[in-house]
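Chemist: The structure's right below; bear with me while I get my questions together.
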2 protein chains.
Amino acid sequence: MPKAVLAPPKKRAPRSQARGLRTREAILERAVDIASVHGLEGLTVGSLAQQLNMSKSGLFAHFGSKEDLQLATVEKARQIFIEHVTLPAIHAPKGMPRLWGLVEHWLGLKEKHIFRGGCFFSAASFEFDSRRGVVRDRIAAIMHEWIGAIARAIYEAQKAGHIDPKVDPTRTAFEIHAIAMGGHWAHQLLDDRQAYSRARTTILEKLRSIATPACPHLP
Amino acid sequence: MPKAVLAPPKKRAPRSQARGLRTREAILERAVDIASVHGLEGLTVGSLAQQLNMSKSGLFAHFGSKEDLQLATVEKARQIFIEHVTLPAIHAPKGMPRLWGLVEHWLGLKEKHIFRGGCFFSAASFEFDSRRGVVRDRIAAIMHEWIGAIARAIYEAQKAGHIDPKVDPTRTAFEIHAIAMGGHWAHQLLDDRQAYSRARTTILEKLRSIATPACPHLP
DNA sequence: CATAAACACGAACGTTCGTGCTATCTATTT
DNA sequence: AAATAGATAGCACGAACGTTCGTGTTTATG
């Protein structure tokens, strides 16, 4: 009797792969969880299989190589990130509210410990920043995408008349990113309870200093 | 004084341990180099021995456990950090010049790639930030020490009348740290050539905004 | 110069790593 | 009910992991 990871499929599954896909998703959720704590290299096939009550080979068959597993894990983490940060922020109107939404949901993601290790991509960034290969390239691309999203929100806030048009969106995006990451660092490594509120305050001050009079009020 | 039941141990003069110490230093220099790229977990006894043309066992005897090797590597990295950042900064007079010296030498350490992987402690911070044990504790203590050094420099700049006494040294220290680390992140992961100059400019602007008229001019 | 301490080595330990092959099981389609 | 494709398990592999042990080789000093 095989130990099913998941409940048996519903009656009318359209065609195949349903079970496999669900198992794969369950694997990847665990993989993100482990990798956020022990890193993408510390994520091993053996420990992953053990935590899911699966055999190494049965699990491994879903991916074909460790590198593929790492890539799929990164992709899953990106999906979680988008789901918790990018998408909710879109509900706010363009301009400063949406920009602040990005920041707020991002800090919220870290505070609520959606990733057990705190922040998947900060950890992955520093783990792979001086290596080569497709995993590093993918992480870098996703981080480019993220910085770009912040910069675009700033640019649109300028177009909406909420932010001084003279400021450089890219540079401001980097500053915001750095402060948030620094807050995470202080919270996670130094157990600094005020870390996130300090980061929030610092970013708010920064935004207020570049906001125009026409800008909707910030929190 | 009662006579010992057993023959007293023949006390020989302690031998000099010059050779062993030199080997140990050579090992640790390599270990820092490897760990700055592959992390403290990616640092393995086998690869380290191979790069030094030593046997695994001969190398291992210097430490006794992998954890001890990691701790010694962290200590060596701290020594290099102090040598390149903290000590040179002391040559500048107290106040803003010394504070700026800390920042400048720190950014210089990263730019000159003293650590092959860019920044040993940033990488180590994020590698161990959600683990437990003595290695994590030591890294956290060193980072506390470092943040404290920046905060103290700010405080002394206030006492010297160079910085507005109303600013919070600790908070400003965290901001400076975050910006510098963010610059490193952008340079190392995103291959952003302007990353360090942008970080330098941002920190300079921050310092200028809190400087008093009595402050010696910044670069 | 003798010798004990410090140092380094080779071989091997048990474990875990990533990765194959093959057989069996399960669920859907005929 | 048989056929079929997909999913999982069992088993084995070579390599590398951290670690131990016994044995030689340096080397400083009594």
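Chemist: Which value, in debye to the nearest 20, describes the size of the charge dipole of the stretch A:117-218 about its Cα centre when Lys and Arg Cβ atoms bear +1, Asp and Glu Cβ atoms bear -1, and nothing else is charged?
Modeler: That gives the stretch A:117-218 a dipole magnitude of about 100 debye.
Chemist: Can you check what the Kirkwood hydrodynamic radius comes to for the protein assembly as shown, Cα pairs only, in Å to one decimal?
Modeler: 24.2
Chemist: Which one, B:Ser122, B:Gly133, B:Leu107, projects farthest toward the positive side of the charge dipole computed for the stretch B:80-175 from Cβ point charges (K/R +1, D/E -1)?
Modeler: Selected residue: B:Gly133.
Chemist: If you don't mind, there's one more thing I want to ask. Quick one: in the stretch A:104-217, what % of C-alpha pairs are over 19 Å apart?
Modeler: 52
Chemist: Also: Across 5 Å bins from the origin, how do the percents of Cα pairs in chain B run, short distances first?
Modeler: For chain B, the binned pair fractions read 1, 6, 13, 15, 15, 13, 10, 8, 6, 4, 3, 2, 1, 1, 1, 0 percent.
Chemist: I'd like the orientation of helix A:169-190 relative to chain A: the angle between its Cα long axis and the longest Cα principal axis, in ° from 0 to 90, rounded to 10.
Modeler: With rounding to tens, the tilt is 60 degrees.
Chemist: Here is a further query. Taking 8 Å as the Cα distance limit and 6 or more residues as the minimum spacing, I'd like the relative contact order of chain B as a percentage.
Modeler: Computed over chain B, the figure is 19 percent.
Chemist: Quote the FRET efficiency, to the nearest 0.05, computed for A:Leu21 versus A:Val45 with a Förster distance R0 of 25 Å and r equal to the Cβ-Cβ distance.
Modeler: Approximately 0.80, to the nearest 0.05.
Chemist: Then there is this: Normalising by the residue count of the stretch B:164-214, find the relative contact order in percent from Cα pairs under 8 Å and 6+ residues apart.
Modeler: Relative contact order comes out at 39 percent.
Chemist: So, how do all the Cα-to-Cα distances of the stretch B:104-165 break down into 5 Å bins, in percent, from 0 on up?
Modeler: 4, 15, 17, 18, 18, 13, 10, 4, 1
Chemist: If one takes the longest principal axis of the Cα atoms in chain B, at what angle in degrees, from 0 to 90 and to the nearest 10, does the Cα axis of helix B:96-111 lie?
Modeler: Once rounded, the angle reads 60 degrees.
Chemist: Give the distance, in whole Å, between the Cα centre of the stretch A:107-162 and the Cα centre of the stretch B:40-64.
Modeler: 35
Chemist: Just check the stretch B:62-146 against the gyration tensor rule for me: Cα atoms, a ≥ b ≥ c as the square roots of the eigenvalues, rounded for a/c under 1.5, and otherwise prolate or oblate depending on whether a/b exceeds b/c.
Modeler: Cα axes put the stretch B:62-146 in the prolate bin.
Chemist: Another question, then. How high is the relative contact order of the stretch B:66-196, in percent, with contacts defined as C-alpha pairs under 8 Å that are six or more residues apart?
Modeler: Relative contact order of the stretch B:66-196: 25 percent.
Chemist: For the stretch B:7-120, what value does the Rg/Rh ratio take when both radii are computed over Cα atoms and Rh is the Kirkwood radius, given to two decimals?
Modeler: We get a ratio of 1.13 for the stretch B:7-120.
Chemist: Could you work out [θ]222 nm for chain B from helices alone, using -39500 (n - 2.57) per DSSP H run of at least four and dividing by all its residues? Round to the nearest 500 deg cm²/dmol.
Modeler: Helices in chain B give a 222 nm mean residue ellipticity of -21500 deg cm²/dmol.
Chemist: Quick check: the angle from helix A:66-81's long axis to the longest principal axis of chain A, C-alpha only, nearest 10 degrees?
Modeler: 40
Read the figures in this text as sums done on the coordinates, not as results from a lab. Just so you know, these numbers come straight off a predicted model, no measurement behind them. Every residue, glycine among them, receives a Cβ derived from its backbone with ideal geometry; neighbour counts consider all protein chains shown.
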